[in-house]
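Below is one structure, written out as structure tokens; comments come after it.
The values are calculated or read from the model by the stated rules, or taken from the named source; none is laboratory data. The structure displayed is predicted, hence computed values, not measured ones. Here the Cβ positions follow ideal geometry from the backbone for every residue, glycine too, while neighbour counts run over all protein chains shown. In case anyone asks, the SASA skips ligands and DNA or RNA and just uses the protein heavy atoms, side chains included. Shrake-Rupley method; radii C 1.70, N 1.55, O 1.52, S 1.80 Å.
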Amino acid sequence: MSRTPVDDVCVAIRSDADVVAARSLGRSLAEQHGFGTTDVTMIATAISELARNILKYAHEGEIVVETVERGSMSGVSVVARDDGPGIPDVGLALQDGFSTANSLGLGLPGTRRLMDEFEIVSAPGSGTVITAIKWRR
Amino acid sequence: MPVPILKQGDCLIASIQSALTDADLLELRDELSERVGRYRSKGVIIDVTVLDVLDSFASRTLRTMAEMIRLRGAETVIVGIQPEVAFSMVQLGLSLDGVTTVLDLEEGLAHLDRSRRARVAHAGG
């Protein structure tokens, strides 16, 4: 299967089809950036989970995937942004087993394990921005 | 995109051809549960070889599917989970506890064949 080159990816997340689109475009970008299959799969899975969180808690938002450089390091960052209800206690949301929407409670801690860096900026009523980075080895 | 379901003897084989949305997965679940009854199937193989991501929803739905099919009297075997997909599932904390998973379609058919022989031996003894 041939793929057209992908620049930075920005996908509006409003339905389950958008989840598939976001992870597929993110995968292409990571492949193009020289990541190996295992890393590409971890990035695609993380995108899928972050997009699901948007649907579940905020109903809509966006996923942006782009390449990042820091010093001699090169990688991709995944930003999940929504204007939903926000996360009251970010520390609690990152504990294994915690969930408010009756899911398995694995979402954020599990997603963090797939990536190298993981940052949440959120407050009740002001939406959520999650930035996750994976560096190329 | 709907998943083709083949009937082979007393087995059904659902061969996933491309990435599935949540709605596609739920449709597959309901379709398999219905066809197990229509064809009086004893075994179901779900081939996920082409799936490059099995996230929390997909894992949960596969578990639900296997349990529904078990309640309908048939056994489910998931085949073709790729190594990097397996790795990501473990990192994410997902499992398919209680669901039989084997390497590929060939192993899946062999597994169901052993189950069939065990059933026949049990009925005969």
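Could you grab me the full set of residues in the stretch A:109-137 that are touching a strand residue (DSSP E or B) at 6+ places or on another chain (Cβ under 7 Å), assigned to a loop (DSSP other than H, G, I, E, B) and surrounded by fewer than 23 Cβ atoms within 10 Å (Cβ to Cβ)? Within the stretch A:109-137, A:Asp116, A:Gly127, A:Arg136 qualify. In the set B:Ser33, B:Ser41, B:Ser15, B:Ser88, only one residue is more than 14 Å from chain A (Cβ to nearest Cβ), touching a helix residue (DSSP H, G or I) at 6+ places or on another chain (Cβ under 6 Å) and at pLDDT 95 or above; that residue is B:Ser33. A residue that is farther than 22 Å from A:Val40 by Cα and of a type outside the set (A, V, I, L, M, F, W, C) can be found somewhere in the stretch B:43-54. When the test is whether a residue is in a helix (DSSP H, G or I), more than 10 Å from every other protein chain (Cβ to nearest Cβ), open to solvent by 60 Å² or more (accessible area, probe 1.4 Å) and not charged (D, E, K, R), A:Leu29 does not pass it.
Tell me, which residue of the stretch B:92-125 that is outside any loop (DSSP other than H, G, I, E, B) and under 23 Å from B:Ser56 (Cβ atoms) is modelled with the lowest pLDDT? Among residues in the stretch B:92-125 that are outside any loop (DSSP other than H, G, I, E, B) and under 23 Å from B:Ser56 (Cβ atoms), the one modelled with the lowest pLDDT is B:Leu92. Just give me the residues in the stretch A:32-85 being within 14 Å of another protein chain (Cβ to nearest Cβ), farther than 15 Å from A:Ile130 by Cβ and out of contact with any Leu (no Cβ under 7 Å at 6 or more places or on another chain), in sequence order. Hits for the stretch A:32-85 are A:Phe35, A:Gly36, A:Thr37, A:Thr38, A:Asp39, A:Val40, A:Thr41, A:Ala44.
Of all residues in the stretch A:74-95, those being touching a strand residue (DSSP E or B) at 6+ places or on another chain (Cβ under 9 Å) and either in a loop (DSSP other than H, G, I, E, B) or more than 17 Å from A:Met42 (Cβ to Cβ) (or both) number 11.
A residue that is under 24 Å from B:Arg116 (Cα atoms) and buried (at least 16 other Cβ atoms within 10 Å of the Cβ) cannot be found anywhere in the stretch B:17-25.
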